[in-house]
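The values are calculated or read from the model by the stated rules, or taken from the named source; none is laboratory data. Predicted, not measured: the structure shown is a model, and the values here were computed from it. Here the Cβ positions follow ideal geometry from the backbone for every residue, glycine too, while neighbour counts run over all protein chains shown. SASA here: full protein model, heavy atoms, side chains in, ligands and nucleic acids out. Shrake-Rupley method; radii C 1.70, N 1.55, O 1.52, S 1.80 Å.
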Amino acid sequence: RMKESCAHPLTQSSTVALPYRVHTLAGHWQTYVGSSLVQRVDIDVLGSPWRCEVERECCYNEIFSLCYRNGTRDNLVEMTRLDQASGWGQNLHLNCFSKALQ
């Protein structure tokens, strides 16, 4: 999500979901997932994540599992809702991190 921050509070923009990856810190980016009618989805995070975290709008009792692919399609993350056999209505994001250089 992106939001313009201004010196005067009344001139700040509203938050918008971007359909592409935005790097916020070195090795960290956010991918918009949105809502889903199904329990399991594959998400193209447009990079090779070391790990990702689900960012929720609400409903913190909803539990999700993230599985990472290794190999030629390592940009795909499989997200599954575990607390119910259904999708979700809230707009979710994945905060992903690449492995730090040593």
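Checked against (1) surrounded by 12 or more Cβ atoms within 10 Å (Cβ to Cβ); (2) touching a Ser or Thr at 6+ places or on another chain (Cβ under 9 Å); (3) of a type in the set (Ser, Thr, Tyr); (4) modelled with pLDDT of 90 or more, Ser98 passes all but condition (4). For segment 20-31, indicate whether the set of residues that are at pLDDT below 80 and either in contact with a helix residue (DSSP H, G or I) (Cβ under 6 Å, 6 or more places away or on another chain) or among the aromatic types (Phe, Trp, Tyr) (or both) is non-empty. The answer is yes; a qualifying residue exists. Residues in segment 56-75 that are buried (at least 16 other Cβ atoms within 10 Å of the Cβ) and at pLDDT 90 or above: Glu62, Phe64, Leu66. Taken over segment 68-81, residues that are part of a loop (DSSP other than H, G, I, E, B) and either within 19 Å of the chain's Cα centre (by Cα) or within 11 Å of Gly47 (Cα to Cα) (or both) amount to 5. Residues in segment 82-102 that are assigned to a strand (DSSP E or B) and touching a Phe, Trp or Tyr at 6+ places or on another chain (Cβ under 6 Å): His93, Cys96, Phe97. Among the residues of segment 82-95, the one identified as touching an Asp or Glu at 6+ places or on another chain (Cβ under 7 Å), open to solvent by 50 Å² or more (accessible area, probe 1.4 Å) and within 16 Å of Arg40 (Cβ to Cβ) is Asp83.
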